[in-house]
Amino acid sequence: MAPRIAWRVATVRAVVEETAHARSLVFEVPYWPGHRAGQHVDVRLTAEDGYQAERSYSIASAPEDPDVVLTVERIDDGEVSPYLTEEVRAGDQLELRGPIGGHFTWRADQGGPLLLVGGGSGLVPLMAMLRHHAAQGSDADARLLLSAGRAEDVLYRDELGRLEGAAVHITLTRGAPPGWTGWTRRVDAEMLRAVGPAPSAGARAFVCGPTPFVEAVADHLLALGHPPAAIHTERFGPTGG
Amino acid sequence: MTDDDALCLDGNGLAGLLAEVFGGDPTGAQRSCPSCGLRSALGEHRAYCGAGVALRCPGCGALALRIGIAGERRVVAMTGVLVVDVAPG
């Protein structure tokens, strides 16, 4: 087990608008011990009256990135995410603890094939894996299947278009722009078969998204013949898909 | 729905709290369910949050452990944990 984790004061270095509902917060964290792609941090906010709220957010940045980047999607009636997505400015300080999470992680030296399946903002920890894959110049077979609502909801859209060394597949379930030639339906077994790789290739699968999405995808992967131990899941966010 | 629900999805999201009570992050540890026999990581267990939290088997829903939260106190009940297998790293 990792040593006990302490709260640290982190400074927001920059804020990046990702979509109309999500922004990335770039943190400078003193004495950051480094993380593995797929891990997350707890964020603690303290109000003037001492009231505290904690939330867990996946790290979007690669371990090679000196900054720690969190991508936060706004949940309108949430307690913490409206503050993080609307109020926080560069120079603000927040408390973080982490990195945490020992299960949903991938290191380049573990090799591939890698099958990443994300629903909505469930892309965030998978993006850390893809960035790590790119930063290491990994030759592991890496494939992403992302299910998003509309094209404008896709996080890191430009970066996904530029990714080298990984195959990116996107399905848009709430309407595609003119000229879209990709999928427009929910992830199903046929789509997963088309993305591959075949279960016999021994891929590690990482599935992250809303609970119904994760359960449906994991069931499809099992039905296709992927062994249960090769399927890693993380439930993320109340909406998406 | 509030983002309290977002926190309470699975054991991965509770890694910080679990690390507080176990002295280290146990979410990668495999648990064998005494009820249905499924072996799965604590991180993949379903989490339910209220006054405290409960972790349940992702296969059959049997209770694995509960953590009561009262101010700074953490009270852990692990009645449904038969075998937890922790590997280094």
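The values are calculated or read from the model by the stated rules, or taken from the named source; none is laboratory data. Every value quoted in this text rests on a predicted model; they were computed, and no experiment measured them. Cβ atoms come from the backbone with ideal geometry, glycine included; neighbour counts cover every protein chain shown. Just the protein is used for accessible areas: all its heavy atoms, side chains included, with ligands, DNA and RNA removed. Shrake-Rupley method; radii C 1.70, N 1.55, O 1.52, S 1.80 Å.
Does A:ASP109 count as touching a residue at least 60 places away in the same chain (Cβ under 8 Å), more than 11 Å from chain B (Cβ to nearest Cβ) and open to solvent by 20 Å² or more (accessible area, probe 1.4 Å)?
Details: touching a residue at least 60 places away in the same chain (Cβ under 8 Å): no; more than 11 Å from chain B (Cβ to nearest Cβ): yes; open to solvent by 20 Å² or more (accessible area, probe 1.4 Å): yes.
No: the conditions fail for A:ASP109.
Taking every residue in region A:19-30 that is charged (D, E, K, R) and pairing it with any residue that is buried (at least 20 other Cβ atoms within 10 Å of the Cβ), at least 6 positions away or on another chain, the pairs with Cβ-Cβ distances below 7 Å are A:ARG23/A:VAL72; A:ARG23/A:THR85; A:GLU28/A:ALA10.
Would you say A:GLU164 is at pLDDT 95 or above and away from chain B (no Cβ under 14 Å)? Working first, answer last.
Working: at pLDDT 95 or above: no; away from chain B (no Cβ under 14 Å): yes.
No, not satisfied.
Residues of region A:3-31 that are surrounded by fewer than 17 Cβ atoms within 10 Å (Cβ to Cβ) and closer than 14 Å to A:ILE100 by Cα: A:PRO3, A:ARG4, A:ALA6, A:TRP7.
With respect to the conditions (1) within 11 Å of chain A (Cβ to nearest Cβ); (2) under 20 Å from A:TRP7 (Cβ atoms), B:SER40 falls short on a single one, namely (2).
Exactly one residue out of A:ASP67, A:ASP42, A:ASP77, A:ASP49 is in contact with a Ser or Thr (Cβ under 7 Å, 6 or more places away or on another chain), open to solvent by 20 Å² or more (accessible area, probe 1.4 Å) and closer than 26 Å to B:ILE69 by Cα, and it is A:ASP77. Every listed requirement among (1) more than 15 Å from A:SER61 (Cβ to Cβ); (2) surrounded by fewer than 24 Cβ atoms within 10 Å (Cβ to Cβ) is met by A:TYR156 save one, (1).
A:GLU215 falls short on exactly one of the conditions (1) open to solvent by 50 Å² or more (accessible area, probe 1.4 Å); (2) modelled with pLDDT of 95 or more, and that condition is (2).
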